[in-house]
1. Order by neighbour count: 61, 37, fewest other Cβ atoms within 10 Å first, most last.
2. What order do you get for 2, 34 when you list them from fewest to most C-beta neighbours inside 10 Å?
3. Put a dot 7 Å past each Cα toward the Cβ at residue 45 and residue 59; how far apart are the dots in nm?
4. Sort 18, 24 so the one with the fewest other Cβ atoms within 10 Å of its own Cβ comes first.
5. For the chain, what is the mean residue ellipticity at 222 nm derived from helices alone (per DSSP H run of n ≥ 4: -39500 (n - 2.57); sum divided by total residues; nearest 500 deg cm²/dmol)?
6. Read through the labelled values (1) 0.98; (2) 1.07; (3) 1.66 and report the label of the one computed as Rg/Rh (Cα atoms, Kirkwood Rh) from the structure.
């Protein structure tokens with residue numbers, strides 16, 4: 001009887017081990033989306049900064 005209970009416990013443990021990766025997939029996708037968004041925002045900030053610098057440079061050479 002103890003052996004049957006032990007087998008059932010081992011099966012349940014194995015099922016839980018396989019379910020953990022499945023349950024973390026949505027979280028991993030969310031983390032990936034956040035990382036992509038952060039990189040896009042960083043790139044946009046760099047482009048804005050470059051644009052401001054170019055405009056400042058332009059106005060130095062061609063004042064209104």
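1. Values: 61 6, 37 10.
Listing 61, 37 from fewest to most nearby Cβ atoms yields 61, 37.
2. Working: 2 6, 34 10.
Fewest to most other Cβ atoms nearby, the residues stand as 2, 34.
3. 2.3
4. Working: 18 8, 24 11.
By the 10 Å Cβ count, ascending: 18, 24.
5. Values: 1 runs with 60 residues, N = 64.
That calculation yields -35500 deg cm²/dmol at 222 nm.
6. (3)
All of the numbers you see were taken from the coordinates with simple rules; none came from a lab. Please read all numbers here as calculations on a predicted model, not as lab measurements. Every residue, glycine among them, receives a Cβ derived from its backbone with ideal geometry; neighbour counts consider all protein chains shown.
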